[in-house]
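Everything on this sheet refers to the single structure shown next.
Derivation of every value follows stated rules applied to the coordinates shown; laboratory data play no part. Quick caveat, the model's predicted, so the values are computed rather than measured. Ideal geometry is used to build each Cβ from the backbone, glycine not excepted, and the neighbour counts take in all protein chains shown.
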Amino acid sequence: MGKKKRRKRNTLPADRADRHRLYQWAVQVPDYEVAFIDRVFRKRRGRRPLALREDFCGTAHLSAAWVASRPDRTALGLDLDTETLAWGRTHNIAPLGTDAARLEVREQDVRAVTVPPVDVVCAYNFSYFLLHPLAELVTYLKHLRASLEPDGMVFMDCYGGWEAQQVASESRLVETDEGDFTYTWEQAAYNPLTNIALCHIHFELAGGRKLKKAFTYEWRLYTPAEVRDALLAAGFSRATVYWDVSPDEDEDVFKAVKKAENTAGWLAYIVGEV
C-alpha cells in the first residue's frame with residue numbers, strides 16, 4: 001500500500017485578516033445549529049419553527065442560515081455593536097438577495113420585548129454569560145419569554161469542565177477553501193469566588209501576522225443547573241439539558257439527559273419551553 005499523500009498547507013493570506021470572517025470560520029457552524037433547533041422543536045411541538053430571534057446576533061451568521069434554509073422562514077437579530085452589525089449586513093445579509101427581506105437586524109438591547117412573537121429565540125456562543133449576576137440573567141429570560149409564541153422555545157449553549165476554570169490557552173489549525181490559519185482560545189483569568197472568566201481569541205495568518213485579542217470576553221461561567229434554574233424562575237415550564245454523548249471527539253451528538261459525567265471540558269445545550 002502506498003503512502004497517503006499529505007495535504008499541502010495553504011496558508012490564508014494576511015490581506016484576508018478580517019476578524020469577523022475568521023471568527024465565523026473558526027467558531028460558528030450555523031447549518032448544524034439550524035438543524036438542531038429544527039429537530040428539537042419539531043419533536044417537542046409537532047410543527048416546524050419558522051420565526052427566529054437571534055440574540056447577541058453579531059454578524060447575523062446564524063440568522064442568514066436560518067432564512068436560507070426555507071423560503072417561509074424569517075429572522076430578527078438583536079445586538080448593540082454597530083460595527084459588527086454593519087459587517088453582517090454587507091457580508092451575510094446582502095448575499096441573500098431577495099431573501100434578505102425576511103431578515104431584519106436591530107441595534108437593540110436583547111432585554112427588550114419584541115413583536116411580533118417568534119417561535120424560537122437563540123442565545124448562542126455563550127453570549128448570555130455577559131449577563132450577571134444571576135438576577136440579570138433571570139430578568140433577561142423573563143423579557144425573552146414575553147417575546148415568544150405560546151408554544152415557543154429558547155435555545156442556549158453552555159461550556160464548562162475543570163479546564164474551563166484554569167488559566168490556559170489552546171490553538172488549532174482552521175482549514176478553509178481560501179486558506180488556513182491558526183485559532184487560539186486563551187483563558188487569561190478566572191475568579192472562583194464569582195465564576196468570572198477573562199478570555200481572548202487570537203488569530204495567526206501567513207507570514208506570522210497575528211491578530212492578538214481579536215475578541216475579548218469577561219463573563220460568568222454559568223453551569224447548566226444555574227441556567228435551568230434561571231429559566232424556571234423566569235416562568236418557563238420546562239428546561240432540558242442536551243449533552244454531547246458521542247464517543248468521537250470529532251462528532252457531536254446531543255441528547256436530552258438528566259445526568260452527565262463531569263469531564264475536563266464539555267459542551268451542552270439548554271432548551272427552555274414556554
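Based on other C-beta atoms within 10 Å, arrange Cys122, Cys158 from fewest to most.
On the way: Cys122 28, Cys158 21.
Exposure proxy ranking, most exposed first: Cys158, Cys122.
Determine ³J(HN,Hα), in whole Hz, for all residues of region 64-74 in sequence, where each value follows from phi through the Karplus function 6.51 cos²θ - 1.76 cosθ + 1.60 and θ = phi - 60°; x replaces Gly and Pro.
Result, ordered by residue: 5, 5, 4, 5, 6, 6, 8, x, 10, 9, 10 Hz.
Could you estimate the translational diffusion coefficient of the chain from the Stokes-Einstein equation, with Rh from the Kirkwood formula over C-alpha pairs, at 37 °C and 0.692 mPa s, in whole µm²/s? Let's see the in-between values first.
Working: Rh = 19.8 Å.
Diffusion coefficient, whole number: 166 µm²/s.
Could you grab the relative contact order for the chain? Cα pairs under 8 Å, six or more apart, rounded to a whole percent. Can you show the working numbers first?
Details: 532 pairs, mean separation 46.5, N = 274.
Value for the chain: 17 percent.
Of all the stretches in the chain, which is the longest one without any exposed loop site, taking trypsin sites (Lys or Arg not before Pro) in a DSSP loop (any state but H, G, I, E, B) with at most 16 other Cβ atoms within 10 Å?
Working: sites that count: Lys3, Lys4, Lys5, Arg6, Arg7, Lys8, Arg9, Arg47, Arg111, Arg209, Lys258, Lys259.
Within the chain, the longest run free of exposed trypsin sites (Lys or Arg not before Pro) spans 112-208.
Taking one equal scatterer on every alpha-carbon of region 171-219, how large is log10 of I(q)/I(0) by Debye at q = 0.26 1/Å?
Here log10 of I(q) over I(0) equals -0.92.
Which loop GluC sites (Glu not before Pro) in region 162-221, with loop taken from DSSP, have no more than 15 other Cβ atoms within 10 angstrom of their Cβ?
Answer by residue number: Glu178.
Quick query: amide H of Leu50 versus all other amide H atoms, modeled in the peptide plane; which residues come in under 5 Å with a sequence gap of 5 or more or a different chain?
Asp119
I'd like the projected area of region 179-274, averaged over all directions, using the convex hull of its alpha carbons. Report it in nm² with one decimal.
Details: hull surface 35.1 nm².
For region 179-274, the mean projected area of the Cα convex hull comes to 8.8 nm².
Considering every pair of different Cα atoms, what Kirkwood radius, in Å, is found for region 55-145? Walk me through the numbers before you get to the answer.
Details: mean 1/r = 0.0735 Å⁻¹.
Value: 13.6 Å, from the Cα pair sum.
Please list, in order along region 186-195, the HN-Hα scalar couplings obtained from phi with the Karplus expression 6.51 cos²θ - 1.76 cosθ + 1.60 (θ = phi - 60°), rounded to whole Hz, x for Gly and Pro.
10, 9, 8, 7, 8, 10, x, 7, 10, 6
Equivalent-ellipsoid semi-axes (√(5λ), Cα gyration tensor) for region 48-87, whole Å, largest first?
Working: eigenvalues 82, 19, 7 Å².
In descending order the semi-axes read 20, 10, 6 Å.
Using alpha-carbon positions, what is the distance between the centroids of region 47-117 and region 149-204, in Å?
Distance between centres, Cα-based: 23 Å.
Between Glu261 and Arg42, what is 0.36 nm times their sequence separation minus the Cα-Cα distance? Round to one decimal in nm.
Working: separation 219, 0.36 × 219 = 78.84 nm, distance 2.78 nm.
Contour length minus Cα-Cα distance gives 76.1 nm.
Gly160's amide H: which non-local residues (gap 5+, or another chain) put their own amide H closer than 5 Å, with H modeled 1.01 Å from N in plane and none for Pro or chain starts?
Those qualifying (amide H under 5 Å, at least 5 residues apart or on another chain) are Trp266.
Extending each Cα 7 Å along its Cβ direction at Asp252 and Ala135, get the distance between those two points in nm, one decimal.
3.4 nm
Which residues' amide hydrogens lie under 5 Å from the amide hydrogen of Phe215, considering only partners 5 or more residues apart or on another chain, with H built in the peptide plane?
Amide H neighbours of Phe215, under 5 Å, 5+ apart: Ile201.
Could you derive backbone 3J(HN,Hα) for region 78-91 from the dihedral phi with the Karplus parameters 6.51, -1.76 and 1.60 (θ = phi - 60°), listing whole Hz in sequence and x where the residue is Gly or Pro?
With the stated coefficients, region 78-91 comes to 10, 6, 9, 8, 4, 5, 5, 4, 4, 4, x, 4, 6, 9 Hz.
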